[in-house]
Amino acid sequence: MGISLSSAGLWLLILLIGLGTFALRLSFIHFWGRIELPQIVHRALRFIPAAVLAALVLPALIRPEGAIDLSLHNLRLIAGLLAAVVAMLTRNVLFTLAAGMAALWLLQALVGGA
Amino acid sequence: MQTSRLRAFSAGFMSIVPLMPGVIPFAMICGVTAIKAGLSPQAAMGMSLIVFAGASQLAVIQLLAAGALPLVIFFTAVIINLRFAMYSASLAPYFQHLPKRWRWPLAYLLTDQGYAMTINHYLSDKPTADTHRHWFYFGTGIAMWGAWQPGTAAGILLGSTIPASWSLDFAIPLTFMALLIPGLRDRPTLVAALVGGGVAVLAAGLPFNLGLVLAAVSGIAAGLAAETLMQRREG
């Protein structure tokens with residue numbers, strides 16, 4: 001452990017990462033309308049949320065410890081599936097969060113107590 | 001005029017409030033781990049203010065602690081944040097009428113959660129009137145920023161971790177799931193989600209979070225292909 005960079009070097013790195021991240025965030029918002037984008041890009045836009053969100057969710061459920069785990073020992077997968085059902089039924093973020101966290105705590109308590 | 005702006009702003013702000021149980025612990029973890037890794041409180045807070053992107057902040061902290069090359073740290077952070085360019089493209093059509101003094105601050109405030117709530121709202125049955133649409137997004141951005149910065153500060157000040165047994169990190173994928181499911185409106189979108197999620201699972205071992213970018217691109221391509229196929233079948 002320990003940071004080998006000087007204080008000034010660290011601040012410069014943070015600043016550059018901030019600028020790079022800002023450039024990515026600004027990219028299309030800034031240039032929209034000034035550059036003509038092909039039709040396919042317009043069609044692709046509506047698939048971004050589903051593709052990215054699923055890519056953030058599924059590995060956290062199926063590979064919580066790094067390796068693919070589809071067994072009943074994977075408590076996060078079970079709790080996640082339960083939360084998915086609640087999400088489908090209620091379409092409510094807070095209910096989904098509450099159901100998923102409660103299920104995970106309950107499962108952890110049951111397994112821990114066994 | 002004023003009230004409809006305020007209404008759009010508060011609707012955006014309030015849409016983020018239910019996500020706070022996922023956002024605030026994540027911000028605190030960023031603050032705590034930065035201190036544990038040896039960053040000064042000023043640098044830890046500075047990074048949170050300047051970068052304002054949790055996943056990349058955590059990666060930077062981890063790499064700094066491991067003594068990685070600054071160039072590697074820079075590229076890792078930028079690759080993890082490539083998804084913001086996709087969000088930027090998705091939101092850009094809604095902001096095209098705005099001047100630079102709006103576009104630039106709105107871009108700085110772009111986050112996963114703010115994007116997801118905003119695009120769900122814009123695509124919903126009852127979106128805000130066109131001229132005030134950016135006020136909804138601005139509300140999500142201020143709510144996220146207003147949760148993230150004090151959350152990081154609290155993590156820095158506490159300097160002690162939330163017990164791992166609370167599994168509060170699980171709130172993050174649960175949040176994304178709650179945002180994903182209502183958006184699965186038709187078959188091509190479902191295909192995009194299944195392929196995106198499936199590729200992400202298989203490619204999770206790739207370095208620098210590249211699996212996420214690969215998964216997103218695959219999912220989008222699969223959605224486009226499914227849509228084209230369905231149109232051909234109908235046409």
Among A:HIS42, A:LEU82, A:LEU26, which residue has its Cα positioned farthest towards the positive end of the charge dipole of chain A, with +1 placed on the Cβ of Lys and Arg, -1 on the Cβ of Asp and Glu, and the dipole taken about the Cα centre? A:HIS42
Can you compute 3J(HN,Hα) from phi for each residue in region B:148-155, using the Karplus curve 6.51 cos²θ - 1.76 cosθ + 1.60 with θ = phi - 60°, rounded to whole Hz and x for Gly and Pro? 5, 5, x, x, 4, 4, 4, x
P(r) weight above 29 Å for the protein assembly as shown, C-alpha pairs, percent: 39 percent
What is the angle, in °, between the Cα long axis of helix B:41-51 and the longest principal axis of the Cα atoms in chain B? Nearest 10 is fine, range 0 to 90. 10 degrees
Could you pull out which residues in region A:31-52 have an amide N less than 19 Å from a spot 7 Å beyond the Cα of B:LYS100, following the Cα-Cβ vector? A:31-35
Can you give me the Rg/Rh ratio for chain B, using Cα atoms for both radii and the Kirkwood formula for Rh? 0.99
Calculated FRET value between A:ILE35 and B:TRP166, using beta carbons and R₀ = 41 Å, to 0.05: 0.30
By the C-alpha gyration tensor axes a ≥ b ≥ c (rounded if a/c is under 1.5, else prolate when a/b exceeds b/c, else oblate), the shape of region B:7-52 is oblate
Proxy reagent accessibility, fewest Cβ within 10 Å first, across B:ARG133, A:ARG43: A:ARG43, B:ARG133
So if I take the centroid of the Cα atoms in region A:45-114 and the same for region B:1-69, what is the distance between those two points in Å? 23 Å
Just want the ordering: B:ARG5, A:ARG76, A:ARG91, from fewest to most Cβ atoms lying within 10 Å of their own Cβ. A:ARG91, B:ARG5, A:ARG76
Along the Cα-to-Cβ line of B:ARG7, 7 Å from the Cα, sits a label point; which residues in region B:119-144 have backbone N less than 19 Å from it? B:121-140
Using only Cα atoms, what Kirkwood radius does chain A have, in angstroms? 18.5 Å
Here, A:LEU19 and B:GLN42, labelled 7 Å along Cα→Cβ, have an inter-label distance in nm of 2.1 nm
Rg to Rh ratio, region B:44-95, alpha-carbon atoms and Kirkwood radius? 1.08
Helix-only mean residue ellipticity at 222 nm, the protein assembly as shown, DSSP H runs n ≥ 4 weighted -39,500 (n - 2.57), per residue, nearest 500. What is it? -24500 deg cm²/dmol
Using the Karplus equation 6.51 cos²θ - 1.76 cosθ + 1.60 (θ = phi - 60°), what ³J(HN,Hα) coupling, rounded to whole Hz, does each residue of region A:93-99 give in order, writing x for Gly and Pro? 5, 5, 4, 5, 4, 4, 5
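Taken together, the values in this text are just the output of simple stated rules run on the coordinates, not laboratory data. These figures come from a predicted structure and were not determined experimentally. Counting neighbours? That spans all protein chains shown, and the Cβs are built from the backbone with ideal geometry, glycine included.
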